[in-house]
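Before any comments, here is the structure.
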Amino acid sequence: MIRILSCLFAVCMAACLSSCGQFESLNKKPKFLVSFHAQGAGTESPRSIFRYPLPGHDGETFFRRVPEVTQENVAAFQSFPASNGNGFGVTLRLDFRGTNSLDLLTRTHTGDVILAVVNGKPVDYLTIDRPVSDGVLTIWEGVPEDVVKLMSAKWPPINKLKSVSTGQEMVPSTRSEKRRSLEAAEAERKAKDVEAKSKASKPAGAPPSKKDALPASPTTKQIPLEGNNQEQPLQPIPLPRQ
């Protein structure tokens, strides 16, 4: 997919907020919302679309209110500073459902635009130029730092994502699978932190601890030889007489 640089204006869209959270539990309000909206047409029902002006496009572009992908379809992510200084960008690794939705959308809407919305605010957009079947989707700019921190508490880094099946790559899809994946990544990170602190606490040139030291080397008489009883002392070998 080709990234198109954009300077999107801040717009509050209540309809997007409600549709982004449609998969969340009714009893629990999501801490942040991320959604991707496919390009629509002016001939569609006014209730199913909204308008948004895109730089480089004549007039306003129509987008569908119901998103193709939301934060509920994400299994892992990776953040990075936006190249133009506009907040952060994030690369999202989608779960099974999100991957299929993205694949279908990009195969059937070549040349259309996907609008990325964070907490009801359009932040970036992508032009579809080829099918995307690997389930990887990127927002290149406009993600606030506080949202990135919330993402870190919800999803593991992409390079720490654990498969839920042995022998094949299966991205976590259910909430329990995603929770276990995050817990596994956190446990691995904490173990590495403990190891790093342990190494840093040892002064340079300090002798190894008993735990790290090698066992005492055996004496020559303790080394077992083939055909020799280790319990018996070694006998001298007589030299041949001249």
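Remarks
- Gain upon complete extension [Ala41, Asp103; 0.36 nm per residue less C-alpha separation]: 20.3 nm
- The modelled label-to-label distance for the pair Lys29/Thr127, using points 7 Å beyond Cα in the direction of Cβ, is 3.9 nm.
- Here's how it looks for Phe77: its modeled amide H is under 5 Å from those of Arg93, Ile158, which are all 5 or more places away or on a different chain.
- Cut-off under 5 Å, modelled amide H: who pairs with Arg65 long-range: Ile49, Phe50
- Checked against a 30 Å cut-off, the cross-linked pairs Lys121/Lys154; Lys29/Lys192; Lys149/Lys197; Lys31/Lys160; Lys31/Lys197; Lys121/Lys192 give Cα-Cα distances beyond that limit for Lys29/Lys192; Lys31/Lys197; Lys121/Lys192.
- Each residue of region 50-56 was assigned a 3J(HN,Hα) from its phi angle through the Karplus curve 6.51 cos²θ - 1.76 cosθ + 1.60 (θ = phi - 60°); the sequence is 9, 9, 8, x, 10, x, x Hz, with glycine and proline shown as x.
- Loop-located trypsin sites (Lys or Arg not before Pro) in region 98-167 (DSSP state not H, G, I, E or B) with no more than 15 neighbouring Cβ atoms inside 10 Å do not occur.
- Residue-wise HN-Hα coupling along region 104-109, computed from phi with Karplus coefficients 6.51, -1.76, 1.60 (Hz; x: Gly, Pro): 5, 4, 6, 7, 10, 10
- For Thr138, the amide hydrogen comes within under 5 Å of the amide hydrogens of Leu92, counting only partners 5 or more places away or on other chains and with H modelled in the peptide plane.
Taken together, the values in this text are just the output of simple stated rules run on the coordinates, not laboratory data. Fair warning: this is a prediction, and the values are worked out from it, not measured in the lab. As a convention, Cβ positions derive from the backbone with ideal geometry for all residues, glycine included, and neighbour counts pool all protein chains shown.
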